[in-house]
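Right, one structure below, let's go through it.
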Amino acid sequence: MARKAIPVLKQLLSKPPVPATCVNPTRSVTYMPRPGDGAPRPVTLIPGDGIGPLVTGAVEQVMEAMHAPVYFERYEVRGDMKRVPEEVIESIKKNKVCLKGGLVTPMGGGVSSLNVQLRKELDLYASLVNCFNLPGLPTRHENVDIVVIRENTEGEYAGLEHEVVPGVVESLKVITKFCSERIAKYAFEYSYLNNRKKVTAVHKANIMKLADGLFLESCREVATKYPGIQYNEIIVDNCCMQLVSKPEQFDVMVTPNLYGNLVANTAAGIAGGTGVMPGGNVGADHAIFEQGASAGNVGNEKLLEQKKANPVALLLSSAMMLRHLQFPSFADRLETAVKQVIKEGKYRTRDLGGHSTTQEVVDAVLAALD
């Protein structure tokens, strides 16, 4: 019996090995949803001013094409309103998630920013902007992947200003231990959950020793609870210089309110421009997703007339929103399609060196979804 088995063994051993892909085929790994997690979610939609309706319309088209499990409750809000309408606040509180186009904030005149109002009203204490290189989009620096996490409710944005005597205005910068600690905790928690290696605190404590000193003290205390994450500090003016000379050294940055606005826009410009950087504002209960960097192009009448606004930033922000809603496969599909369009380079708006309209970019993304 043993002799008869020898030819059979030789034949088996002489066969080519089975490809690894057949033994263990690659497949996407996602979370295991709870029953009912696939139910469509309501999302408050604020189209915004200027080009806002153009780019939010792009998101609506893509969501519909993907059959994403979300539906929008639309509210018209303009930046020159004195307050955000109460029904809009109630809608966001009910839905817990909002997608927003840019709102123009009038310069001076005593009209407060509706963006700041929303953050304070809903306690959206963390602003997150992800600035990264997109394959196929040429920039001066490579390997840029920076997350700027900014305290969103106090600092200079508290809006505590008054005229002491004619010609003399006093503006108060408010920094609290509570807000500083919770934004530091958010930055370290984000880093831990997203496999980030380093957190950099941005400050001006060499001049504002009490205010920024309190912010630094809070960051240092929180850092001790995350020994696996490297922690360092940098003065804000040196930070700006380092950003434009060697941005790849930064990973996650945590900042007070005003510095975060400046740093995020600088990082966005380095990585490809404000038209491609996603962002969101999040609190314990609610989140608003919008273009990550400055929406200074919102009121650009020429872009609106020509219908050539860049929808990429808001499309990527809506992918962040889908992930926040625990629909990761839809987020992956959307991000992959947008990145494919950018990489191919055939359809790009003017800010990225092309001549495409918003709709042409959207059509290209829709085609790339399949």
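Structure above, values below:
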quantity: Residue under evaluation GLU86, criteria (1) modelled with pLDDT of 85 or more; (2) not assigned by TED's automatic domain parsing to the domain that holds PHE289, criterion not met; calculated: (2)
quantity: Test: VAL84 is of a type outside the set (D, E, K, R) and over 22 Å from the mean Cα position of the chain (by Cα); calculated: yes
quantity: Filter result for the condition that a residue is assigned to a loop (DSSP other than H, G, I, E, B), at pLDDT 90 or above and among the acidic types (Asp, Glu), over ASP123, ASP80; calculated: ASP123
quantity: Matching residues in the range 302-352 - criterion: being crowded, with 16+ Cβ neighbours inside 10 Å and acidic (Asp, Glu); calculated: GLU335, ASP351
quantity: Hey, ILE149 in a helix (DSSP H, G or I), more than 30 Å from TYR347 (Cβ to Cβ) and among the aliphatic types (A, V, I, L, M) or not; calculated: no
quantity: Near pairs, Cβ below 6 angstrom, 6+ apart or cross-chain, from the range 199-214 (among the polar types (S, T, N, Q)) to any residue that is outside any loop (DSSP other than H, G, I, E, B) and buried (at least 18 other Cβ atoms within 10 Å of the Cβ); calculated: THR200/ILE234; THR200/MET253
quantity: Any chance VAL129 is at pLDDT 90 or above, within 17 Å of GLU86 (Cα to Cα) and touching a strand residue (DSSP E or B) at 6+ places or on another chain (Cβ under 6 Å); calculated: no
quantity: Some residue of the range 227-239 being without any contact (Cβ under 8 Å) to a residue 60 or more places away in the chain, polar (S, T, N, Q), part of a helix (DSSP H, G or I) and surrounded by fewer than 17 Cβ atoms within 10 Å (Cβ to Cβ); calculated: yes
quantity: Candidates GLN359, GLN340, GLN326 - the one that is free of Cβ contacts under 8 Å to residues at least 40 places away in the same chain and either assigned to a loop (DSSP other than H, G, I, E, B) or not hydrophobic (A, V, I, L, M, F, W, C) (or both); calculated: GLN340
quantity: Single residue of ALA264, ALA284, ALA268 found to be buried (at least 24 other Cβ atoms within 10 Å of the Cβ) and either among the basic types (Lys, Arg) or out of contact with any helix residue (DSSP H, G or I) (no Cβ under 7 Å at 6 or more places or on another chain) (or both); calculated: ALA264
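The values are calculated or read from the model by the stated rules, or taken from the named source; none is laboratory data. Please read these numbers as outputs of a predicted model, since none were measured by experiment. For neighbour counting, all protein chains shown are included, and Cβ atoms are generated from backbone atoms with ideal geometry for every residue, glycine included.
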